[in-house]
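Every read-out reported here was derived from the displayed coordinates using simple, explicitly stated rules and does not represent laboratory data. It should be emphasised that the depicted structure is a prediction, and the values quoted were computed from it without experimental measurement. Please note: Cβ atoms are built from the backbone with ideal geometry, for glycine as well, and neighbour counts cover all protein chains shown.
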Amino acid sequence: MTAEVESHTVAPAPGDTWTGKLRDRVVRELPPDKLLPDRQPSYVGSWIYVFGVLTIAALLVVVATGVVLTLEGPEWYHISDVGHFFNSLHFWSVQLFFIFMVVHLWGKFWMAAWRGRRAMTWITGVVSFIVSLATAFTGYLMQTNADSQWITFEAKDGLNAVGIGAWFNVTSLGQTMLLHVCTLPLVVGLIVVLHVLLVRKRGVVPPIDAFKNEPAAASDTAEVAS
Amino acid sequence: MPPLISAALDNPATYFSWGWLQISVGNLIVILVMFVLFILALVLPFPGGHDDGGDGS
Ligand code: HEM
């Protein structure tokens, strides 16, 4: 009798619960020193490697100023001086976000950064670019000025032509606004987190000629520190 | 918005046209800025860096 009770109070082995399994998996895939490294290989010492994190910095300013705009509303940001200022901060940080992202993507393209099982890093980059375009597009639609009216009515015809006008109705300001301030930024944020975790998991890709003097097979698949 | 800026944003853009190529001044400036940034990022020396006495540099 007592033995039976005891067997029920014994904690399950760590590998038996979903929390334990998940923890084991996360630690195995991304051990803390890979997740937050304090050293990088010497070839990372180039300005071109800074553009990913510049893009993140610009994105943070976009989100922070966007939050202020939603808290105060259009009567504030379309009329008051401080409102105009925050509207401008939001607009110009978006311009910087895209400029940095494109320089980042050129850099990764010319160094073929998808080598060595990094295809998913490239693909999450592509998706983040496309979703960012959609986010910027809905932003331009909700300016409620002559510009946004023009863009809306051009886009309406385009979207109807490809047959999705019924689901994505750009003439519905409500839908446009909700997409712009909620759904699309959430998706961008999520994909960026995934993108950066993948970079951490695989390590920064070695330059194409880093393994020139070694057997050919090493150059394409070599991973730093793993 | 201040009158100057709102005038600029609510008017048709100025376009350059060279034969088949037509591009607004704004778009051209953005593309040139990205191009210059890209070149600078490749050629400007990167400050700092540690020397482990180990591999390479
Ligand atoms: C929201 C936009 C983006 C953000 C915030 C972002 C951020 C980053 C960061 C911080 C890194 C690591 C360091 C570095 O910059 O080299 C990185 C790496 C990378 N990015 Fe992006 N990125 C974005 C968009 C893109 C796009 C559009 C592409 C290409 C289509 C791309 C492809 C890559 C690749 C392949 C790597 C891995 C490089 C390596 O393993 O060495 N990213 N990204």
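Residue by residue along B:29-40, Cβ atoms of other protein chains within 10 Å of the local Cβ number 4 on average.
Calculated [222 nm] ellipticity per residue, helices only, for chain A: -21500 deg cm²/dmol; basis is -39500 (n - 2.57) per DSSP H run with n ≥ 4, divided by all residues, nearest 500. Rounded to the nearest 20 debye, the dipole magnitude of chain A is 680 debye, with +1 charges on Lys and Arg beta carbons, -1 on Asp and Glu beta carbons, and the Cα centre as origin. In plain terms, the bigger the Kirkwood radius, the slower the diffusion; for the range A:53-200, with that radius from Cα pairs, at 25 °C and 0.890 mPa s, Stokes-Einstein puts D at 148 µm²/s. Counting only other chain Cβ atoms within 10 Å of each residue's Cβ, the peptide B:21-28 averages 0.
Report the normalised scattering of the range A:46-110 as log10 I(q)/I(0) at q = 0.23, 0.26 Å⁻¹, calculated by the Debye formula with identical scatterers on the alpha carbons. Here the Debye-derived log intensity ratios amount to -0.84, -0.97.
Among the residues of A:176-183, the average count of other protein chain beta-carbon atoms within 10 Å of the residue beta-carbon is 0. Using the Cα coordinates of the range A:116-209, the gyration tensor eigenvalues translate into equivalent-ellipsoid semi-axes of 34, 14, 11 Å, sorted from longest to shortest.
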